[in-house]
Amino acid sequence: MAKGIKSIKQQQVIGTSVYLIVDQWHDGTTELDKSKKLTWLCFSQDKKKQLDTRQLESKDSYVIKIPPKLAGSYRYYVEASFSGKKDPLKDTGLYVYGTTTKKVVTSKWCAKPDGEDLRKSQFSYGHLIYLGLETEGMNGDQVTVEVYRRVPGGGGSKDDQYITAFTHVQVIDGEVNLKMGNTYQWYGKIKKPNPTEEFYVKVKDASGKYISDGKDRLHARYLRIKNNIVSRNSETPTNHTPTKVDKPEISFKRHEPCRYDKVIIGDKDSNKKPFDIVVYDPLQKKNITTYETLAKHEAGTTIDLTFEKITHKGCFTQPNHKKEIEIYINGQKQKTQVVSGDKYTLPIQARANTYLLRTNPSLFFVTPDAANTYRIVTKTCAQPNNPLTINVYPNIEREVTFVLTLFPSFGAEVNQKFSTREKLTDYNKKQSMQLIRNETEILYNAKGGLGFGLQAKVKVDNVESSIELAHTRNQIKKLIGFYHTVNEVLSVFDGRGKESTSLAYDRKVLPKVTFDIEPPNVALALRITNKKVERTLQVVPQFTGALALKPITKIKIGVDLLSLLQYMGVGGKIASWIKDTLEAKYKFTIYIIFEVSLEARAELSLTYNKVEGFAPGPRKLQIEAGVGIKGGVKSTEFVTIVVPEADGSPQKVKVEKWKGEASGASSMLYTYEVNADSKGQYSKHKLEFTGVKATIVVYSIKNGMKYNESFKKDFTIIEKPDKAWYESEKEYTV
């Protein structure tokens with residue numbers, strides 16, 4: 001199995017310095033091999049001339065400093081090896097080149113290649129003339145040199161005369177030394193030569209863009225040629241720049257004398273679970289520039305910054321770097337801090353707009369939280385001005401809850417099935433989302449009412465504040481008022497007060513049956529928190545929503561057992577006589593009702609943030625079938641009391657002066673639940689017996705006409721079993 005260096009890579013570029021490190025090792029390379037020193041080799045572009053060789057530790061970066069003059073398309077070949085020699089079979093190295101803004105730095109006219117500048121002297125037509133250029137960012141490029149004649153008295157360079165162009169001129173080591181042997185031909189292009197003509201050049205790159213010296217695109221002003229011919233010969237233009245790759249022009253330096261190997265953030269307060277996270281490590285290919293966390297609104301939170309193996313000696317910059325960091329908060333420099341040892345403890349503090357919370361809490365509730373931005377700048381040769389940004393968010397929790405009783409409950413007493421006609425009295429209850437359409441004569445008794453609850457609160461560092469959403473509350477009140485207005489209009493269709501029209505009811509030829517239907521009650525909640533996602537770099541808003549329908553619907557059917565006495569022969573007649581006699585003498589009525597019920601209810605909860613996505617909370621559907629029996633006595637004397645409507649307005653109602661009731665109930669409860677644990681999302685079924693419970697309660701009117709419980713006691717006849725009758729295993733979704 002092969003071992004050694006499979007490839008190297010460019011780690012980073014800082015200024016004109018290119019940092020190279022080992023990227024991949026062959027599979028047969030052991031950890032011991034990886035810890036050995038490596039030989040780095042640098043060659044010319046054609047890989048023939050070796051420019052540099054040196055040994056470095058395997059974790060060190062090999063740094064090539066390419067000055068602007070040698071930057072451009074020319075590439076240097078770099079390779080690392082165990083043997084100290086270039087791999088003879090294949091290229092495992094990397095081509096490196098420098099980049100900078102293209103520029104013509106200096107220009108001159110000479111009588112020989114790279115000679116002295118003679119632009120103040122005068123040449124004659126037919127002389128050999130050399131153009132010398134020094135450039136930046138163009139090493140290895142091919143350029144076009146255009147020659148122009150300056151036209152005195154013209155409108156500037158736009159009126160100057162184009163003379164000739166030299167194409168495919170090679171820039172070698174950032175220089176051009178171009179021989180122009182065709183100056184006699186220039187003379188023929190000038191109609192009326194002046195005693196002395198002035199010439200200059202423009203330089204165009206391969207894309208056709210003219211290169212400036214930083215201010216002007218006109219270079220080598222001016223070549224002066226007097227009106228005299230010394231030769232009519234022409235020579236081929238030649239670039240006389242010597243082909244060289246001069247080692248002194250390239251600086252190879254190691255960066256470890258002023259460096260740190262790794263930056264670790266120790267976060268111990270943001271989510272109550274301390275952890276370390278590496279944000280900078282060249283060997284692990286990590287170079288993170290932004291980290292986010294939570295902190296208190298007040299001072300007291302800190303995080304640790306560890307600069308592993310930090311050294312500040314042997315800098316190759318002047319003045320030398322110091323073992324210190326610069327701290328900025330929200331763009332403003334706060335201080336320069338000396339790092340003692342390898343660790344620095346940074347105090348951090350979040351900002352929550354508590355002023356807005358006091359002055360306009362509703363606006364605070366919907367205003368996003370701004371971060372306090374800490375910018376930490378460390379200075380070393382290896383990582384000059386390497387910034388780390390820490391965004392600190394406040395620990396805030398916002399919550400709004402809303403509960404709405406959608407429609408009044410509906411109670412009905414059914415006395416006899418009727419004919420096939422549909423009566424107007426059914427219309428009103430259909431508006432209240434009733435689930436039963438029947439052909440019965442109904443005695444209506446609407447109970448309950450339409451109501452709502454609305455609450456908003458905010459926690460800042462676990463200090464809770466309630467918020468009054470007055471505008472929203474008033475809108476809901478108007479909606480409820482509108483409902484009551486509609487209800488009054490529909491009341492003309494109500495069957496209450498029309499019981500005497502039912503002959504079946506008057507004659508009591510059937511037992512009395514009661515229906516109770518409870519429409520849905522809805523509860524909604526939304527919570528928004530700033531969450532530090534565990535062991536990550538981010539703080540994100542987390543949304544938790546919940547919905548409860550309790551009940552979805554509930555239907556209860558009861559049969560008045562005492563109304564069955566008429567079917568019990570002599571015994572029933574005696575019992576009925578005793579009941580009627582007692583009720584007439586003592587002004588009360590007796591009832592015994594057998595009930596069966598069916599209720600469905602549901603709840604749903606979901607959590608979401610943009611990093612972790614949806615995290616399903618409990619989702620539950622329950623269906624409960626119950627049986628019960630209740631009996632009691634109630635006064636036939638009534639008193640009038642004042643009770644509030646759902647919108648707060650008072651209403652006078654008549655209630656029994658006193659009443660007492662004993663009841664017992666039991667049920668079977670089926671539950672279907674979807675939830676999640678460490679293994680994933682699952683569903684589960686359960687069927688359980690709820691036991692048998694009983695209650696005795698007595699009500700009376702006293703203490704200023706207030707309806708009170710004067711006595712109440714609960715009994716458990718049969719305990720609910722510890723174990724469900726049936727419970728399925730968790731069924732995990734794939």
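The values are calculated or read from the model by the stated rules, or taken from the named source; none is laboratory data. Here the structure is a predicted model, which means the values were calculated and not measured. Heads up: the accessible areas ignore ligands, DNA and RNA and are worked out on the full protein's heavy atoms, side chains in. Shrake-Rupley method; radii C 1.70, N 1.55, O 1.52, S 1.80 Å.
Quick one: grab the alpha carbon gyration tensor of the stretch 577-643, order the square roots of its eigenvalues as a ≥ b ≥ c, and give me rounded if a/c is under 1.5, else prolate or oblate depending on whether a/b is larger than b/c.
oblate
Just need the relative contact order of the stretch 539-638 here, percent rounded to a whole number, with Cα pairs under 8 Å and 6+ apart.
This gives 36 percent for the stretch 539-638.
Can you give me the solvent accessible area of residue 313 with a 1.4 Å probe, rounded to the nearest 10 Å²?
Its heavy atoms expose roughly 140 Å² to the probe.
Show 596, 522 ordered by accessible area, largest first, where the area counts protein heavy atoms only and the probe is 1.4 Å.
596, 522
So for 307, 365, 638, what's the accessible-area order with a 1.4 Å probe, most first?
Sorted descending by solvent-accessible area, the residues read 638, 365, 307.
Across the stretch 291-371, how many lysine pairs separated by 8 or more positions, or lying on different chains, have Cα atoms within less than 29 Å?
Here the count comes out as 21.
Using a 1.4 Å probe and ignoring any ligands, DNA or RNA, find the accessible area of residue 601 and quote it in Å² to the nearest 10.
Near enough 40 Å² of accessible area.
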